[in-house]
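Since the structure comes first, as structure tokens, the remarks are kept for the end.
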Amino acid sequence: MRSTFLILFAGLSLSACGYLKHSQPYYTYAPDMHYSAGLKAQEEGAMRQPPKGTIPRGFRPYSILTMDQAKMHLNPLPRNKENLNQGKILFNTFCIVCHGKFGEGDGLVASLKDWPRPLYPRPPSLQSEKIRDYKDGQIFHVITMGQNLMPSYAEKLNEEERWQVIHYVRALYRAKHPSADDLKKAENYIEE
Ligand code: HEC
């Protein structure tokens with residue numbers, strides 16, 4: 001009976017000293033696991049540089065360097081309803097703010113030219129003879145690389161989407177410059 005009290009008393013006083021608290025282990029079992037030598041993400045030395053000359057999976061390096069080279073690239077997509085509709089959606093999402101509904105350079109940014117100071121210069125018209133005479137590859141190059149104040153859209157539009165937008169830019173030109181044949185067809189056109 002007496003010894004039971006002694007043990008109890010000893011236990012109580014030890015815990016009062018914090019001796020039995022587990023905030024700090026009394027001794028560390030397997031210290032090489034406890035204090036890991038592993039690196040934390042983002043820590044210096046943890047971010048490994050990829051070997052020279054490697055590219056991410058699915059990435060295709062862009063090989064067009066000049067406008068002259070760009071001329072050689074033809075639109076690989078057929079001009080069909082699907083590509084035109086897709087191009088329209090993309091144009092009206094990404095290009096319309098600056099270039100306007102018909103690409104005449106009268107987008108929203110241009111309309112804000114006096115408010116309260118010019119926000120952005122009026123972009124050139126895509127209805128110009130210059131763009132009419134551009135090869136599809138040249139427009140592709142502008143969208144991919146950007147040009148002066150126009151930023152690159154390579155991050156937003158994949159290659160297929162860029163070619164679709166180009167089909168639509170051509171359709172916008174044709175809508176404003178219809179041939180006699182186009183007008184004749186339009187007269188007989190019945191909405192499906
Ligand atoms: C932020 C506004 C802005 C957006 C959005 C924009 N552009 Fe442009 N774009 C410009 C400006 C400004 C220029 C003129 C750049 C220069 O001075 O060379 C230009 C030039 C161009 C040209 C060359 C015109 C020429 O005469 O040299 C083409 C083609 C073109 N844009 C197509 C597009 C297409 C297609 C999109 C949508 C994917 C688009 N742009 C989105 C502002 C924009």
* Would you be able to say whether some residue in segment 85-97 is of a type in the set (V, I, T), open to solvent by less than 60 Å² (accessible area, probe 1.4 Å) and within 7 Å of the ligand (Cβ to nearest atom)? => no
* **Counted residues, segment 102-137 - those being within 11 Å of the ligand (Cβ to nearest atom), modelled with pLDDT under 95 and not in a loop (DSSP other than H, G, I, E, B)** => 3
* **Residue list for segment 138-157, filter: within 8 Å of the ligand (Cβ to nearest atom), assigned to a helix (DSSP H, G or I) and either among the β-branched types (V, I, T) or under 13 Å from C95 (Cβ atoms) (or both)** => I139, V142, I143
* Asked: Mind checking which residues of segment 115-168 are acidic (D, E) and within 24 Å of the chain's Cα centre (by Cα)?
  -> D136, E155, E159, E160, E161
* **Test: Y189 is without any contact (Cβ under 8 Å) to a residue 60 or more places away in the chain, part of a loop (DSSP other than H, G, I, E, B), among the hydroxyl-bearing types (S, T, Y) and within 8 Å of the ligand (Cβ to nearest atom)** => no
* All helices (runs of 4 or more DSSP H) inside segment 38-101 with 3 or more residues being under 15 Å from W163 (Cα atoms) -> 81-94
* Asked: In this structure, does S152 turn out to be closer than 19 Å to R174 by Cβ, open to solvent by less than 70 Å² (accessible area, probe 1.4 Å) and modelled with pLDDT of 95 or more?
  -> no
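The values are calculated or read from the model by the stated rules, or taken from the named source; none is laboratory data. No experiment lies behind these values; they were computed from the predicted model shown. Every residue, glycine as well, gets a Cβ built from its backbone with ideal geometry; the counts of neighbours run over all protein chains shown. Just the protein is used for accessible areas: all its heavy atoms, side chains included, with ligands, DNA and RNA removed. Shrake-Rupley method; radii C 1.70, N 1.55, O 1.52, S 1.80 Å.
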